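Written out below as structure tokens is the structure these notes cover.
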Amino acid sequence: MASSNFVYFILFLFVSSILFALQVSSTSRHVINNHNKGFKVSLKHVDSGGNFTKFERLQRAMARGKSRLQRLSPVANFATLSSNDLKSTIHAGNGEFLMQISIGSPSESYNAIMDTGSDLIWTQCKPCKECFDQSTPIFDPSKSSTFEKISCSNKLCEALPMSSCGDNNNCEYIYTYGDYSSSDGFLSSETFTFGKVVSIPNIAFGCGIDNEGSGFSQGAGLVGLGRGPLSLVSQLHMSRFSYCLTSINEDADSTSSTLLMGSIAHDDYNNIITTPLMKNPTQPSFYYLSLKGISVGDTQLPIKKSTFSLNQDGTGGMIIDSGTTITYLEESAFSLLKKEFSSQVNLPEDDSSSTGLDLCFKLPSNTNNIKVPKLIFHFEGADMDLPPDNYIIADSRMGVACLAMGSSSGMSIFGNVQQQNMMVIHDLDKETLSFVPTQCDKL
């Protein structure tokens, strides 16, 4: 009898172990399947909770945008820099939208800057040699059971623009930005959780123990969504992602924008327009567009065809960027746009420079509604007829309405004000970028 009970006990253990293994396998498949389908993450503007007026939000964002433009300026001056200089200054850094991520096991939540202009995912880590203030506790890798340092032989270590081999063959990195801000630490792997639902193991990220400079204090680090191998997009092998950014006219405290990763970022819309994505071999992380011209009202501006061309030496061209607020056009093109736009608006110009924008008009009393000409960007294969809210910022209290654009030297940038209330779909298999008018705060 005892022998029989022992056999039953062994059978019970055997069956239980199989059921447990199946349950773990099912759970793993659930995570992997969710990952493959993609996931949704809410985005908050970096000035959310600041109780700023519309123009205060714009001015703060423009200040960050000008800093970002300066970080990107080495691209415009590519021909004057050595390859070593470029490697240390090409990354955009900072940004305008925060995404909530959780790191480690057990997981800890952080707000990180979403950045389509760079690749590396990184956060501040203990023990810090130099760290900026952040609203959440600094990530402590010693408390996570899934944290590992990445070796120097790993291909992702080789993908870093600047790296070295430390103790125990660990990959050490330094990632620098155009204004000499930097993150310095160990390239590591960890479990990341997105949207509080999908947990994905073995995500390579920078565990920064020496982080210096301005522009990062809005979050606890960055999530790079660029085209390089270190970005979240590349690591997840997701060929499609999209984002939908709410209007700067809306209350940043009560609305959220959206990031969609994977197949849920679908493109089966009726009112979609699509243009090819261009590649710049010297700047492989950026998303370049082919802009052929611009129309104001019924007038197509006499812009030289070469103005927005991507040159063989890597200069020029236009990138689309979620982290730059207003659109910056090559200065000769912006000069033509400013002149034609002003001639078609029947209002006196405001020269007070109180807004920081290049072209403003005096509003009639007690109104935000003015008649403005159409503004159409002629991308290759797609004419983008912008809604007035995407290029005119009006404030009756200040008595001004301004064109939300500026000039740049060399490279042009299609900013996030022009993208607001648009589903912006990146399809890296098809090498296309699509726009769909969308009420982003309703997603």
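Could you check the spin-label model distance between LYS279 and PHE132? Points 7 Å from the Cα along Cα→Cβ, value in nm.
3.3 nm
Explain nothing, just the number: dipole magnitude of region 223-336 about its Cα centre with +1 on each Lys and Arg Cβ and -1 on each Asp and Glu Cβ, in debye rounded to the nearest 20.
520 debye
Name the long-range amide H neighbours of GLY317: under 5 Å, sequence gap of 5 or more, or other chain; modelled H, no Pro or chain starts.
Under 5 Å from the amide H of GLY317: SER309, LEU310, ASN311, SER412.
May I ask you to compute the full-extension gain from SER42 to ASN168, defined as 0.36 nm times their residue separation minus their alpha-carbon distance, rounded to one decimal in nm?
Roughly 41.5 nm would be gained on extension.
Tell me, what HN-Hα J-couplings in whole Hz come from the Karplus equation 6.51 cos²θ - 1.76 cosθ + 1.60 at θ = phi - 60° for each residue of region 109-115, using x for Gly and Pro?
Coupling constants for region 109-115: 8, 9, 9, 10, 6, 7, 9 Hz.
Would you please put 219-231, 101-113, 158-170 in order of how densely packed they are, using the mean number of other Cβ atoms within 10 angstrom per residue and starting with the highest?
Taking the mean over residues of other Cβ atoms within 10 Å, the ranking is 219-231, 101-113, 158-170.
If R₀ is 41 angstrom, what is the calculated FRET efficiency for the pair HIS237 and ASP298, using the beta carbon separation as r and rounding to 0.05?
Step by step, r from the Cβ atoms, then E = 0.35.
Please name which of TYR328, LEU260, THR299 has its Cα lying farthest along the dipole of region 225-358 towards the positive end, using unit charges on Cβ (Lys, Arg +1; Asp, Glu -1) and the Cα centre as origin.
Projecting each Cα onto the dipole axis, the largest value belongs to LEU260.
Run the paramagnetic zone check for ASP140: 7 angstrom along Cα to Cβ, then residues of region 95-130 with backbone nitrogen under 19 Å.
102-111, 123-130
Take the Cβ-Cβ distance between VAL197 and ASN369 as r, set R0 to 56 Å, and report the resulting FRET efficiency rounded to the nearest 0.05.
For R0 = 56 Å, the calculated efficiency reads 0.85.
Residues in region 283-297 near a label at ASP385, defined as backbone nitrogen under 14 Å from the 7 Å Cα→Cβ point?
Once the point is set 7 Å along Cα→Cβ of ASP385, 295-297 turn out to lie under 14 Å by backbone N, inside region 283-297.
ASP313 versus ASN51, label points 7 Å from Cα toward the beta carbon: distance in nm?
So the label points at ASP313 and ASN51 sit 5.2 nm apart.
What are the residues whose amide H is under 5 Å from the amide H of LYS292, where those residues sit 5 or more places off or on another chain and H is modelled from the backbone?
Correct list: HIS378, PHE379, GLU380.
Could you give the length gained by full extension between GLN344 and ALA63, i.e. 0.36 nm per residue of separation minus their alpha carbon distance, to one decimal place?
Here the answer is 98.3 nm.
Sequence neighbours fewer than 8 away in the same chain don't count; with that in mind, list the lysines whose C-alpha is under 19 Å from LYS430.
Once the sequence-local lysines are set aside, what remains near LYS430 is LYS37, LYS279.
Quick one: Karplus J couplings for region 389-402, per residue in order, coefficients 6.51, -1.76, 1.60, θ = phi - 60°, nearest Hz, x for Gly and Pro?
4, 8, 8, 10, 10, 10, 9, 5, 5, 8, x, 9, 10, 10
Please give the length that would be gained between SER105 and ASN271 if that part of the chain were fully extended, namely 0.36 nm times their separation in residues minus their C-alpha to C-alpha distance (nm, one decimal).
55.5 nm
Each value in this text was obtained by applying a stated rule to the coordinates, not by laboratory testing. Please read these numbers as outputs of a predicted model, since none were measured by experiment. Glycine also receives a Cβ, built like all others from the backbone with ideal geometry; neighbour counts cover every protein chain displayed.
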